[in-house]
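The values are calculated or read from the model by the stated rules, or taken from the named source; none is laboratory data. All values reported here derive from a predicted model rather than from experimental measurement. Because the Cβ atoms are built from the backbone with ideal geometry, glycine has one as well, and the counts that use them run over all protein chains shown. Quick note on the areas: whole protein, heavy atoms, side chains included, nothing else; ligands and nucleic acids left out. Shrake-Rupley method; radii C 1.70, N 1.55, O 1.52, S 1.80 Å.
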Amino acid sequence: MIDDPTDAESCCSSSLSTHSMHMRAALKDCSELMKRLRELLHLKSTDLRYKLDAQDIEHLSLMHNKHHIQQLFQSASLSSENIEQERELGLRSLHEKLPELDVVHVDENGWYREKDSSIPLTPYDFKQRYCVRNVPCIIRGFDELHFKNVSLNWKKAETTITDETSNESRINTSWFETYVGEDTMVPVRIDGRKTALDEDGRAEECTTKLVRLKDWIASCQQQSRNHEEVSREYLKDWHLVQLLQSKQSSCDIPLYKTPEYFERDILNNFLERYSDGGDYTFVYWGPSGSITRLHSDVLHSFSWSYNVTGSKKWTFYIPNSNSGNSNNSADNTSRSFEVIQNTGETIFVSSKIKHEVVNLVETLSINHNWITSANIDNTWQCICCEIEAIEVEIKEWGIVPLDDFEARENMLRGCIGLDVTTFFLMILLEVSEILVLVLPLIDEMTEIDNEIYEPVRSMYSLVKVLDEVSNLKEAKSFQRLEAVLGSKARAIEADALATFVVDLSDVLKVHL
């Protein structure tokens, strides 16, 4: 780390928040990766600011002179610049297919589109067709490949269902009472609203109450039996897997494995390492009629939702253009359509798409919000909008000093669960890991391979946003880093590391 005699971290680190300590740990790991990267590239300069000097650039230009390597970096960089065009293509294809969504089938032999089962769908194809182009789809087959333990433990055996046409619960509540604990407190949302939006078009907060699990089970089943049109109570955003991992007597951990096509998750991979249980992996358990009202997903993330048992009705609102309002209202030009998600099916929900979900029967599902290079720019847009909203509130309140960026970061995390410092280091770590992973493989390349091309393209998408975060004056990123890290020296270190990877990515596409 760059030394600074004015840095008083040694005498005040004990007063740092847990969040600040986590961010310091992330920065340290980024620094270690950067040292490894310089070793891989055989860079000789010893600039403590991590800047690439003329000697470094000359060395890099001589390292790899193969045409396909030059083409790899240039093509990947160009592709990352075309993300908006790809999304427009995705939106156009979605309108052409409405009111249907693509159905993807998964089995031990691979992934296939329902209407073209003769052609396998590779991980690269899935990311390009649905993630990069931002198109939702239905996936069938995960119940056997990824969620078999969940199905065995959380669903009642079919032989125990006495009446297939009744509202009898299909959930194996005895498993939850045994392994979660019937007296464990769970977060139940109470929704008494008739509209999803406040007067400013922002989502109104539901009331949350903690109840014992056994009381929730009884209440949920009672609401389902009453055939209520809209059930007010819904157990959602439940960090069940974290809870089970904290219990030594928990059963079959892990209960499920994130499907490989969703594994490159920048958000949860970072938070699992550098936070105290603040990830975006949830279990939802709702009675018949329980509802998640009109919204787009938090942080403009992608999401996937797997139905362990039960069925949901999804109503999607598809805009005519990717530009437009960003609040939780559906504008007059949106086209709506409905999709029924049955037991064992997964819905992939694209970034910023507005939707409403109703449980048609008592339903148990696993839901992950996730961020990749394909929607990282949308997440930054979300953060910037929230920064503006917070500044308006601060101006109205007049109680937060202009230079109190720690308070601003705390407010930002309180509103959307992520601050600029976390976002900055999240991207920096991912870019560093991609470079350390990919660069040793390049010399062995004889032609462009999608397994290398895809992470390189991801790197350029991430670097573009990282550069914006570093240089957007309105965001005051450096001041935020200094406030959260509790050290000007560490903020300088973080900024220098970001500058290095941005400069390196430019050199790789220009000089190789």
Seminar exercise, completed: Residue pairs within 9 Å by beta carbon, gap of at least six or interchain, first lying in region 93-119 and within 10 Å of Gly141 (Cβ to Cβ) and part of a strand (DSSP E or B), second among the acidic types (Asp, Glu) and open to solvent by less than 60 Å² (accessible area, probe 1.4 Å), listed first then second, are Trp111/Asp125
For this session: Find all pairs meeting these conditions: Cβ atoms under 7 angstrom apart; at least six residues apart or on different chains; first residue within region 224-247 and over 14 Å from Arg293 (Cβ atoms); second residue at pLDDT below 80 and surrounded by fewer than 18 Cβ atoms within 10 Å (Cβ to Cβ).
Result: Ser224/Asn167; Arg225/Asn167; His239/Gly277; Gln242/Gly277; Leu244/Ser250; Leu244/Ile253; Gln245/Ile253
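Which ones in region 441-490 are among the aromatic types (Phe, Trp, Tyr) and modelled with pLDDT of 90 or more?
Tyr460, Phe478
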Exercise. Which ones in region 300-313 are in a strand (DSSP E or B) and either touching a residue at least 60 places away in the same chain (Cβ under 8 Å) or open to solvent by less than 10 Å² (accessible area, probe 1.4 Å) (or both)?
Worked result: Phe302, Ser303, Trp304, Ser305, Tyr306, Asn307, Val308, Thr309, Lys312
For this session: Select from region 491-512 the residues that are modelled with pLDDT under 90, of a type outside the set (D, E, K, R) and out of contact with any helix residue (DSSP H, G or I) (no Cβ under 7 Å at 6 or more places or on another chain) and list them in ascending order.
Result: Leu504, Val510
Exercise. Assuming Ala407 fulfils every condition listed in (1) crowded, with 18+ Cβ neighbours inside 10 Å; (2) part of a helix (DSSP H, G or I) apart from one, which condition is it?
Worked result: (1)
Problem set entry | Which listed residue, of Ile394, Ile387, is modelled with pLDDT of 90 or more, farther than 30 Å from Val349 by Cα and of a type in the set (A, V, I, L, M) | Ile394
Exercise. What about Arg413, is it open to solvent by less than 20 Å² (accessible area, probe 1.4 Å) and charged (D, E, K, R)?
Worked result: no
Exercise. How many residues, within region 120-161, are over 22 Å from the mean Cα position of the chain (by Cα), more than 26 Å from Ile171 (Cα to Cα) and either of a type outside the set (A, V, I, L, M, F, W, C) or assigned to a helix (DSSP H, G or I) (or both)?
Worked result: 1
For this session: Just give me the residues in region 380-418 being touching a Ser or Thr at 6+ places or on another chain (Cβ under 8 Å) and basic (Lys, Arg), in sequence order.
Result: Arg413
Exercise. Residue check: is Ser323 at pLDDT 95 or above, over 30 Å from Ser17 (Cα atoms), open to solvent by 10 Å² or more (accessible area, probe 1.4 Å) and of a type in the set (Gly, Ala, Ser)?
Worked result: no
Exercise. Considering only residues of region 469-512 that are open to solvent by 10 Å² or more (accessible area, probe 1.4 Å) and touching a Cys at 6+ places or on another chain (Cβ under 8 Å), which is farthest from Arg38 (Cα to Cα)?
Worked result: Glu474
For this session: Within region 416-427, identify whether any single residue is in contact (Cβ under 8 Å) with a residue 12 or more places away in the chain and open to solvent by 30 Å² or more (accessible area, probe 1.4 Å), and answer yes or no.
Result: yes
Problem set entry | Top-ranked residue in region 214-231 [being in a helix (DSSP H, G or I) and surrounded by fewer than 18 Cβ atoms within 10 Å (Cβ to Cβ); ranked as modelled with the lowest pLDDT] | Arg225
For this session: Of the numbered conditions (1) open to solvent by less than 60 Å² (accessible area, probe 1.4 Å); (2) more than 22 Å from the chain's Cα centre (by Cα); (3) not hydrophobic (A, V, I, L, M, F, W, C), Glu86 fails exactly one; give the number of that condition.
Result: (2)
Problem set entry | Selection status of Asp279, out of contact with any Cys (no Cβ under 6 Å at 6 or more places or on another chain), open to solvent by 10 Å² or more (accessible area, probe 1.4 Å) and farther than 23 Å from Glu88 by Cα | yes
Exercise. Since Ser336 meets every condition but one in (1) polar (S, T, N, Q); (2) without any contact (Cβ under 8 Å) to a residue 60 or more places away in the chain; (3) closer than 30 Å to Asn149 by Cβ, which condition does it not meet?
Worked result: (3)
For this session: State whether one or more residues within region 32-41 are under 30 Å from Phe348 (Cβ atoms), assigned to a helix (DSSP H, G or I), open to solvent by less than 40 Å² (accessible area, probe 1.4 Å) and at pLDDT 80 or above.
Result: no
